[in-house]
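> Okay, here's the structure, questions in a sec.
The values are calculated or read from the model by the stated rules, or taken from the named source; none is laboratory data. Computed from a predicted model, the values in this text were never measured in an experiment. Note that we place each Cβ from the backbone using ideal geometry, even for glycine, and neighbour counts take in every protein chain shown. SASA here: full protein model, heavy atoms, side chains in, ligands and nucleic acids out. Shrake-Rupley method; radii C 1.70, N 1.55, O 1.52, S 1.80 Å.
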Amino acid sequence: MSKPHWRPARASDLPAISAIAARIHPDLPERSEVFAEKMRLYPDGCRVLAADDGIVGYGLTHPWTQHRIPPLDGFLEQLPGHADCLYVHDVAVLPDFRGGVARDYVVAIEQLARASGIATLALVSVYATQPLWQRLGFRPVTADAELREELASYGVSATYMLRDLAAT
Ligand SMILES: CC(C)(COP(=O)(O)OP(=O)(O)OC[C@H]1O[C@@H](n2cnc3c(N)ncnc32)[C@H](O)[C@@H]1OP(=O)(O)O)[C@@H](O)C(=O)NCCC(=O)NCCS
């Protein structure tokens, strides 16, 4: 079995992405049209983890505004004209294929940000993933009232985190 690798997501990967999302995030459901919109608006940030037998993970990222997050299962409509971060919407990998792959995805997104003149990565940590993201250089950020409201749709464990690329 060869090592799974990240490659750009294609429209034909959508059923696999939706199936993995439904399995990994049963309590945070999103419509496949919402994934498709991100792939259409910012294909560079949307990748799948390809293994011998098919897709075993995905990562979805798009330019956004720091301290703001799109609602779960909501359409972006359009990307901000002056984005100041790349926002990692989600990374999800089937359990058997975990171990080093989130790091690989984040390295790719970091390179993309630098190439686009963007100096910050952002994400919402859910479940108990905060230590994992801290290990990858993100720090939890205190949310203002508006951000707290936006975070509510991501569940009680949701924490907004930023990583400053200039400092690393
Ligand atoms: C999040 C997810 C994609 C991570 O995939 P992964 O391949 O296991 O992640 P990595 O091994 O690349 O982890 C990145 C780093 O965090 C470390 N790490 C992992 N779990 C950790 C933990 N509980 N505490 C501290 N560090 C941790 C890893 O050791 C690694 O550091 P290293 O490269 O220096 O060894 C995977 O666990 C997943 O799909 N989870 C379910 C969906 C999910 O929660 N997605 C995130 C939504 S915010």
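> Out of every Cα pair in the stretch 95-134, what percent are spaced more than 17 Å from each other?
41 percent
> Where in the stretch 52-80 is the amide nitrogen less than 17 Å from a point lying 7 Å along the Cα-to-Cβ axis of GLU33?
Residues 71-78 fall inside that zone.
> From largest to smallest, what semi-axes in whole angstrom does the stretch 8-63 give when each is the square root of 5 times an eigenvalue of its alpha carbon gyration tensor?
Three semi-axes, in Å: 16, 15, 9.
> If you average the C-alpha positions of the stretch 12-43 and of the stretch 47-121 separately, how far apart do those two centres end up, in angstrom?
Measuring centre to centre over Cα atoms gives 12 Å.
> Mind checking which of GLU37, GLU77, GLU150 has the largest fluctuation in a GNM of the chain, springs on alpha carbons under 10 Å?
The residue that fluctuates most here is GLU77.
> Over the Cα atoms of the chain, what radius of gyration and what Dmax do you get, in Å?
Cα radius of gyration and Dmax of the chain are 14.9, 49 Å respectively.
> Output ³J(HN,Hα) for the stretch 25-39: one whole-Hz value per residue in order, computed from phi by the Karplus curve 6.51 cos²θ - 1.76 cosθ + 1.60 with θ = phi - 60°, and x for Gly and Pro.
The phi angles translate into 10, x, 8, 10, x, 9, 6, 5, 4, 6, 5, 4, 5, 5, 5 Hz.
> Kindly write out, for the stretch 47-58 in residue order, the coupling ³J(HN,Hα) from the Karplus curve 6.51 cos²θ - 1.76 cosθ + 1.60 (θ = phi - 60°), rounded to whole Hz, with x marking Gly and Pro.
My calculation for the stretch 47-58 gives 10, 10, 9, 9, 10, 3, 9, x, 7, 10, x, 8 Hz in order.
> Something else about it: Rounding to the nearest 10 and keeping the result within 0 to 90°, find how far the Cα-based axis of helix 14-24 lies from the longest principal axis of the chain.
For helix 14-24, the angle is close to 70 degrees.
> Relative to the longest principal Cα axis of the chain, at what angle does helix 101-115 sit, 0 to 90 degrees, rounded to 10?
So the helix axis and the longest Cα principal axis differ by about 60 degrees.
> A further question on this structure: What does the net charge come to around ASP73 if you take all other residues with beta carbon closer than 9 Å to its beta carbon, with K and R at +1 and D and E at -1?
Overall, the nearby charge balance is 0.
> Order the peptides 88-95, 8-15 from the highest to the lowest mean number of other Cβ atoms within 10 Å of their residues.
With the highest mean Cβ count within 10 Å placed first, the list reads 88-95, 8-15.
> Tell me, what is the per residue accessible area of the chain in Å², probe radius 1.4 Å?
It amounts to 51 Å² per residue over the chain.
> Another question, if that's okay. Could you order the peptides 79-85, 45-51 from most to least packed, using the average number of other C-beta atoms within 10 Å per residue?
45-51, 79-85
> Also, quick follow-up: Take the stretch 76-162, drop everything but the C-alpha atoms, weight them equally and run the Debye formula without solvent; then report log10 I(q)/I(0) at 0.16, 0.19 Å⁻¹ to two decimals.
Once normalised to I(0) and log-transformed, intensities are -0.71, -0.99.
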